[in-house]
1. With each label point set 7 Å from Cα along the Cα-Cβ vector, what nm distance links V129 and I47?
2. Taking the Cα-to-Cβ direction at D142 and at A79 and moving 7 Å from each Cα, how far apart do the two end points lie in nm?
3. On the full set of protein chains, 1.4 Å probe, figure out the accessible area of S28 and give it in Å² to the nearest 10.
4. In nm, give the distance between the simple-model label positions of L149 and R113, each being 7 Å from the Cα along the Cα-to-Cβ direction.
5. Would you please give the residues with an amide H less than 5 Å from that of T9, counting only those at least 5 places away or on a separate chain, with H modeled from the backbone geometry?
6. Taking the full set of protein chains and a 1.4 angstrom probe, give the accessible area of S50 in square angstrom, rounded to the nearest 10.
Amino acid sequence: MASEGLAPTTREVIARRVREERTARGWSQQELARRLEEQTGKSVARIVVSRIEATGEDRERRNIAVDDLNALALALGVAPVMLQTLRDDEAPIRVIGESGPVFPSGDWRRMLRSGLPMSVPEKTAVALVQGRADQIAEATTDEIPMIALAMIHDLENMLRAWHTGHSRHTAEEPAPVPMADFDTTGKG
């Protein structure tokens, strides 16, 4: 697996995957442009495909809009998620620009397909526990059990939201109590 420093951006992954899918079908850039024109109803020049497929420091490379991504997926006969991820599940992808977080391609694909939040539960849990640990370090002996219960409540809510695939809370499932608003005195 490549290091995080060498991880391609999502834009670079899309460029690579469009080129792979096009060449796997034996199509020229002109043929893909023709098929894109059929999908969009707009005239698409071969140079547009060339710019979409450009990677690295190429001055001619083109950012890819969501509508373009969807048109490319339709023209190539693949799901849009397949153009946003690499075939190798372990290959890293930098998902937001040049300095964004890095995910293994397979994990990123599962997140895109599932509709689950893009946060990583382990990192969220660590941050939550660290925040409560900081509160415990400043707490009196009487306050520690209430903070520990709040931490358990926070973790339960975080896991419930992760497993249900959303971070919204319904009337049956109250939102977690923010750390700053939790009454650690036990007096109500």
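1. Placing both labels 7 Å along Cα→Cβ, they lie 5.6 nm apart.
2. 5.6
3. About 60 Å², rounded to the nearest 10.
4. Label at L149, label at R113, 4.2 nm between them.
5. Result for T9 returns R94.
6. 40
The values are calculated or read from the model by the stated rules, or taken from the named source; none is laboratory data. Predicted model only: the values in this text are computed from it and were never measured. Counting neighbours? That spans all protein chains shown, and the Cβs are built from the backbone with ideal geometry, glycine included. Note: accessible area is taken over every heavy atom of the protein model, side chains too, but ligands, DNA and RNA are not part of it. Shrake-Rupley method; radii C 1.70, N 1.55, O 1.52, S 1.80 Å.
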